[in-house]
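Asks: Could you have a look at this structure, given as structure tokens, before my questions?
The values are calculated or read from the model by the stated rules, or taken from the named source; none is laboratory data. Keep in mind the model is a prediction, meaning the values are calculated, not measured. All Cβ positions, even for glycine, are placed from backbone atoms using ideal geometry, and neighbour counts span all protein chains on display. The protein model used for the area step is the full one, side chains on, heavy atoms only, and it has no ligands, DNA or RNA in it. Shrake-Rupley method; radii C 1.70, N 1.55, O 1.52, S 1.80 Å.
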Amino acid sequence: MEKLTILGCGSALPASGRHPTGQILEHNGKFLLIDCGEGTQSRMRENKISFDKISHIFISHLHGDHYFGLPGLISTMNLLGRTRDLHLFGPAGLIRILELQFELGKTFLSFSLKFTPVEKEEDILSLRGLKVQSIELNHRLKCFGFIFKEEKKTRRINGPVAKSVGVPHFFMDQLRLGEDYVDKDGNVIQNSVLTLEPKKSHTYAFCSDNRIQADFCNKVKGVSVLYHEATFLHQELKKAKKTFHSTAKEAALLAQEIKPDLLILGHYSARYRSVLPLLEEAKGIYKQTSAATYKDIYDFSKI
Ligand SMILES: [Zn+2]
């Protein structure tokens, strides 16, 4: 995974400058869209993200602020004559909603929409170097989060040393996998001399609307970057409980248990004009916290 771009970080009611949930996760040149709130396609344009590059879309649940942008985005892809398959993961009802819209609008897609219903916790996708798993969240209606887990990366070639020893090109992949090199005189050159430690493998957990339960930490144990909603300040705990959301303090307490390298907050209630109080509340408990704002880019190589 290279980077995460925030296209929206607000909750259900419109709030100036926030936009509803939408994130782009880049992995090996593929663009994965996570949730697709209203206006996501406009946000993509503003951030110069090509629609055609989106290969997979993951929708957490059927509250409008998490998917109202999807019919528009798919229609635009169609208008642009997309031919590549589009893989869509989400609640079973999602495809019914889309198909009804296309049917009544007499829209015939120029590409194949491959839909996978997400109804339980399981491995849902395996891409080169990345596995995606669904985790059930605790919300007013069926809701799933997604864990994106990078496979262990291979060692990196130490170019100047490998060149000075004369390692042939065809042996480079074996070097990356950790093999020693034996030169033509029979000298063994240790792999550790010829290569560098692999880059860090990250695990990113996207937890959209979720009232955190006591055992939830078991589902996100070991993740290095945790996105968790923080709809309210803790003084609104009653409201958070009633609407099945979490407070910034609760998100931070979860982070304190699992200790990710970074906690990213989002999904703020429109009642908060500034996200600073939410960030401060969380940071008081878990220092490595960031409050996502529109257009933020998280570079995984720097986390
Ligand atoms: Zn919701």
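Asks: Probe of 1.4 angstrom, ligands and nucleic acids ignored: what's the accessible area per residue over region 156-196, in square angstrom?
Replies: 68
Asks: Quick one: pull the percent of accessible area on region 154-283 belonging to carbon and sulfur, 1.4 Å probe, ligands and nucleic acids left out.
Replies: 52
Asks: Next question, about the same structure. Counting pairs of alpha carbon atoms under 8 Å apart in space and at least six apart in sequence, what relative contact order in percent does the chain give?
Replies: 17
Asks: So, one more: Among Leu98, Gly69, Leu79, flag the residue with its Cα farthest along the positive direction of the charge dipole of region 58-122, charges on Cβ as +1 for Lys/Arg and -1 for Asp/Glu.
Replies: Comparing the listed Cα positions along the dipole, Leu79 ranks first.
Asks: Order these peptides, 63-73, 185-195, 231-241, 1-11, by their mean beta-carbon neighbour count within 10 angstrom, highest first. Show your work: numbers first, answer last.
Replies: Values: 63-73: 21.0, 185-195: 12.7, 231-241: 18.0, 1-11: 23.4.
Top of the packing list down: 1-11, 63-73, 231-241, 185-195.
Asks: What length, rounded to one decimal in nm, is gained on full extension from Phe171 through to Gln256, with 0.36 nm per residue of separation minus their alpha-carbon distance?
Replies: Stretched fully, the Phe171-Gln256 segment lengthens by 26.2 nm.
Asks: Still on this structure, please answer the following. What does DSSP give for region 1-160 in terms of the percent of beta bridges that are antiparallel, rounded to the nearest 5?
Replies: Counting only bridges with both partners in region 1-160, antiparallel ones make up about 65 percent.
Asks: Report the label-to-label distance for Leu109 and Asn191 in nanometres (one decimal), using points 7 Å from each Cα along the Cα→Cβ vector.
Replies: 4.2
Asks: From the square roots a ≥ b ≥ c of the eigenvalues of the alpha-carbon gyration tensor of region 81-217, which class results: rounded (a/c under 1.5), prolate (a/b over b/c), or oblate?
Replies: On the way: a/c = 4.96, a/b = 2.08, b/c = 2.38.
Oblate is the answer for region 81-217, as a/c is 1.5 or above yet b/c matches or exceeds a/b.
Asks: For the charge dipole of region 148-273, defined by +1 on Lys and Arg C-beta atoms and -1 on Asp and Glu C-beta atoms about the Cα centroid, which residue among Val167, His267, Phe216 has the Cα displaced farthest towards the positive pole?
Replies: His267
Asks: Only Lys, Arg, Asp and Glu count, each charged at its Cβ (+1, +1, -1, -1), so figure out the dipole size of the chain about its Cα centre, rounded to 20 debye.
Replies: Magnitude of the dipole: close to 520 debye.
Asks: Quick one: check the C-alpha center-to-center distance for region 70-87 versus region 198-221, whole angstrom.
Replies: 30
Asks: Quick one: work out the % antiparallel among DSSP beta bridges in the chain, nearest 5.
Replies: 55
Asks: Sorted by packing (mean other beta-carbon atoms within 10 Å per residue), highest first, where do 14-23, 134-143 land?
Replies: Packing order, densest peptide first, comes out as 14-23, 134-143.
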